[in-house]
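Novice: Take this structure first; my questions come after.
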Amino acid sequence: MLEEILKQLFIKSFKTLYGQEPPAQQVNFQKTRPEFEGDLTVVVFPFGKLAGRNPEQLANEMGAEMMKESSMIAKFNVVKGFLNILISDSFWLDFFRDNHQKESFGRKEVSGKPVVVEYSSPNTNKPLHLGHIRNNLLGWSVCEILKASGKNVVRVNLVNDRGIHICKSMLAWKKWGNGCTPESTGKKGDHLIGDFYVLFDKEYKKELNAYLTANYPNFADLGEKEQEEAKAKAEAESTLMQEAREMLRKWEANDPEVRQLWEMMNQWVYDGFDVTYKRLGVSFDKIYYESQTYLLGKSLVQEGLEKGVLYRRDDNSVWCDLRDEGLDEKLLLRRDGTSVYMTQDLGTAQLRVEEYDPEKLIYVVGNEQIYHFDVLKRVLVRLGREWGKDIEHLSYGMVELPNGKMKSREGTVVDADDLMDEMVATAKAVSEELGKAKDLSPEDADKLYHTIGLGALKYFILRVDPKKTMLFNPEESIDFNGNTGPFVQYTHARICSVLRKAAEQGIKLENEVKVADLQPKEKEIIVMMYGWPTVLNQAAEGRSPAMIANFIFDLAKEFNQFYQECSILKEEDANRRMFRLQVCDMVAALLRNASGLLGIGMPERM
């Protein structure tokens, strides 16, 4: 990129003038401050002693030599020890000529070992909710960004389809479901199962309260420690929880009746998930199921026992002692022999390494699991899997609502399907109020509302740095004038309108660029597009779709300023008019290219 080109030119010129090579790490170009003329600035103070010159003299000599060496430098100026470089219009026009027709400008060819990225990872005891939406959008977008930067990406999903939480839903359906099905209730399967998960929690709390009322009539007067002890006894005596644990033991023992119920209810959930995934626009190359990987995890635990890196307690539970590494002891198998999340994560990681021989394993999981993945890596290394050190946990902050956090078991989550419905409905209401779809057929208008609604959702979620907890406000996300998806989409539609009008006037886009100089707004937008490959690489390295969102917003803003200040179709100079249409075409293509990495569609009419 430009900074690197100038860096090498600076080093070459310095050697020519002074016979010395300056330390490359000290040659750093930055954007020139707006009050000075120039595009990029280098500070020459660090090189004065090496050149035997004072800073101002050095800067002037270096500027002259660099101009002599390369035609890309139009002029320079010196402010004390700061050398400001103005890049020639010919450099920017050469870039434009080479790239203005490349729809995939900035993307690299895919090569190398696979990078396996896990995201989504739902439980089959509830539907996908707002938190899952951030996970899925972040995971899918990171995969697209990595692929665009040249990585060979494999998208995987691990479905948590077994465990005590699954048994809770199963038990509730068995006790109170009366044989209902998605068909008989008219509900999506994942929603139906989620209802039974909530029902179990309600009945469980009733049972606990009844026990406490009967056995501790003065519960409210007890001290904090006594209250905790009373609650622990109530939980231990809970028949519902005992039945759920017994169901889990039967499942792991391959009890035919329990397995049949499990398969039926899980299939209802999978069918529901598929609808949501398709609507959200995310997909996977492979889906793993915890029920198929936990046994491999158990075999690794056995291997660890044999190697002496794990140990078994008197109650038969298996642990890894990480206290010597500043952590604590981690449970890997319960005393009844059933596995925990860590068990199946060990097995799944081993399986993926065997299947893909990957460059890296990346897990897109919320930041509340940072400790879990720290332990996972350390346990794998203790088991002799050195590749465990290279596991990357792409953690992200939680999504909160104006009225607080969500809790699945209490039924207070924002359902993903309901949220998408709301986004599309809001997009329709706002679009109709502003007249954005007045010339469209009902079918095309519905497609537009879906594109705007989902684009608003995706942009609002992905524009926030993944590490940060975010507050999601649906109303703020659909604003045609703010830092939103609809603003970017409207800018793209505006460009398409200009190009359509040009075609209607018989103006056909040419390949050849016939201007020799650039006006200020023309240059500014071309300079911004020149920086796209750097933004893309930085987003890939930082696993940050937010950088892509920031870029398309800035590009849309820059285009709208260009549109206001530069006449396009009414420009009298035919060559300048054609050039500006070519600029419009490249901006539209880049908006599609970059927005596509976020899963956001760009409508042609609004």
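Novice: Taking H as built 1.01 Å from N, whose amide H comes closer than 5 Å to the amide H of Leu158, not counting residues under 5 places away?
Specialist: Tyr119, Ser121, Tyr288
Novice: Taking the Cα centre as origin and putting +1 on Lys and Arg beta-carbons and -1 on Asp and Glu beta-carbons, what dipole magnitude results for region 2-87, to the nearest 20 debye?
Specialist: Dipole about the Cα centre, nearest 20: 160 debye.
Novice: Taking the Cα atoms of the chain alone, what are Rg (to one decimal) and Dmax (as a whole number) in Å?
Specialist: Gyration radius and largest Cα-Cα distance of the chain: 30.3, 94 Å.
Novice: Let me ask something additional. Run the numbers on region 416-596 and let me know its relative contact order in percent, using alpha-carbon pairs under 8 Å that are six or more apart.
Specialist: Over region 416-596, the number comes to 23 percent.
Novice: Here's something else I'd like to know. What list of ³J(HN,Hα) values in whole Hz, one per residue of region 201-215 in order, does the Karplus curve 6.51 cos²θ - 1.76 cosθ + 1.60 (θ = phi - 60°) give from phi, with Gly and Pro shown as x?
Specialist: Taking θ as phi minus 60°, the curve returns 4, 5, 5, 5, 5, 4, 5, 5, 5, 5, 5, 5, 5, 6, 9 Hz for region 201-215.
Novice: Quick one: 3J(HN,Hα) in Hz for region 490-506, Karplus 6.51/-1.76/1.60 with θ = phi - 60°, rounded, Gly and Pro as x.
Specialist: After applying 6.51 cos²θ - 1.76 cosθ + 1.60, I find 5, 4, 4, 5, 4, 4, 4, 5, 4, 5, 5, 4, 4, 5, 5, 8, x Hz.
Novice: At a temperature of 10 °C and a viscosity of 1.306 mPa s, determine how fast region 51-123 diffuses translationally according to Stokes-Einstein, using the Kirkwood radius over alpha-carbon pairs as Rh; express D in µm²/s, rounded to the nearest whole number.
Specialist: The estimated diffusion coefficient comes to 95 µm²/s.
Novice: Right, next: Within region 216-305, report the trypsin sites (Lys or Arg not before Pro) that DSSP leaves as loop and that have at most 13 other Cβ atoms within 10 Å.
Specialist: none
Novice: Sticking with this one: Expressed in whole Å with the largest first, what are the equivalent ellipsoid semi-axes of region 2-87 derived from the C-alpha gyration tensor as the square root of 5 times each eigenvalue?
Specialist: Rounded to whole Å, the semi-axes are 18, 14, 12.
Novice: Please list, in order along region 174-182, the HN-Hα scalar couplings obtained from phi with the Karplus expression 6.51 cos²θ - 1.76 cosθ + 1.60 (θ = phi - 60°), rounded to whole Hz, x for Gly and Pro.
Specialist: Residue by residue, region 174-182 yields 5, 7, 10, x, 6, x, 5, 9, x Hz.
Novice: Could you grab the relative contact order for the chain? Cα pairs under 8 Å, six or more apart, rounded to a whole percent.
Specialist: 15 percent
Novice: What percentage of all Cα-Cα pairs in region 111-176 are separated by more than 16 Å?
Specialist: Every Cα pair in region 111-176 considered, those over 16 Å come to 57 percent.
Novice: I've got another one for you. If you rank Arg107, Arg97, Arg352 by fewest surrounding Cβ atoms within 10 Å, what's the result?
Specialist: With the fewest neighbours first, Arg107, Arg97, Arg352 line up as Arg97, Arg107, Arg352.
Novice: For the pairs Lys126/Lys468; Lys174/Lys278; Lys113/Lys377; Lys436/Lys523; Lys151/Lys458, flag any whose C-alpha to C-alpha distance is greater than 28 Å.
Specialist: The pairs that break the limit, which is 28 Å between Cα atoms, are Lys174/Lys278; Lys436/Lys523.
Novice: Would you mind calculating the relative contact order of region 35-89 from Cα pairs under 8 angstrom and at least 6 residues apart, reporting the percent as a whole number?
Specialist: Here the relative contact order equals 45 percent.
Novice: With only Lys, Arg, Asp and Glu charged, each at its Cβ (+1 for the first two, -1 for the last two), find how big the charge dipole of the chain is about the Cα centre; round to the nearest 20 debye.
Specialist: Using only the charged Cβ atoms, the result is roughly 780 debye.
Novice: On to the next question. Hey, what number do you get for the chain at 222 nm if only DSSP H runs of n ≥ 4 count, each worth -39500 (n - 2.57), divided across all residues, to the nearest 500?
Specialist: Roughly -18500 deg cm²/dmol at 222 nm, from the helical runs in the chain.
Novice: Using 0.36 nm times the number of residues separating Asn473 and Lys31, minus their current alpha carbon distance, what extension gain do you get?
Specialist: 155.6 nm
Novice: For Gln564, project a label point 7 Å along Cα to C-beta. Then give me every residue of region 589-605 with its amide nitrogen under 17 Å of that point.
Specialist: Output list for this probe position: empty.
Novice: Near the amide H of His129, under 5 Å away, which other amide H atoms are found, from residues 5 or more places off or on another chain, if H is placed in the peptide plane?
Specialist: So His129 has HN proximity to Ala416.
Novice: Name the residues whose placed amide hydrogens come within less than 5 Å of the amide hydrogen of Val153, ignoring near sequence neighbours (fewer than 5 apart) on the same chain.
Specialist: Val115
Novice: If you don't mind, there's one more thing I want to ask. Which log10 I(q)/I(0) values, to two decimals, does region 416-596 give at q = 0.13, 0.17 Å⁻¹ under the Debye formula with one point per Cα?
Specialist: Calculated log10 I(q)/I(0) at the listed q: -0.74, -1.13.
Novice: May I ask which residue of Val513, Ser477, Leu128 lies farthest towards the positive end of the charge dipole of the chain, with charges of +1 (Lys, Arg) and -1 (Asp, Glu) on Cβ and the Cα centre as origin?
Specialist: Of the listed residues, the answer is Val513.
Novice: Please give me, ordered by residue number, the trypsin sites (Lys or Arg not before Pro) of region 522-604 that lie in loop per DSSP and have at most 15 other Cβ atoms within 10 Å.
Specialist: Lys570
Novice: Net charge around Ser291, counting only other residues with Cβ within less than 11 Å of its Cβ (Lys, Arg = +1; Asp, Glu = -1)?
Specialist: Result for the neighbourhood of Ser291: -2.
Novice: Quick check for you: which residues of region 324-365 have the amide N under 19 Å from the point 7 Å beyond the Cα of Glu235 toward its beta carbon?
Specialist: Under 19 Å, as judged by backbone N against the label point of Glu235, lie 329-342 of region 324-365.
Only the coordinates and a few stated rules stand behind these numbers; no lab work does. None of these values were measured; they are calculated from a predicted model. Quick reminder, even Gly has a Cβ in these numbers, built from the backbone with ideal geometry, and neighbours come from all protein chains shown.
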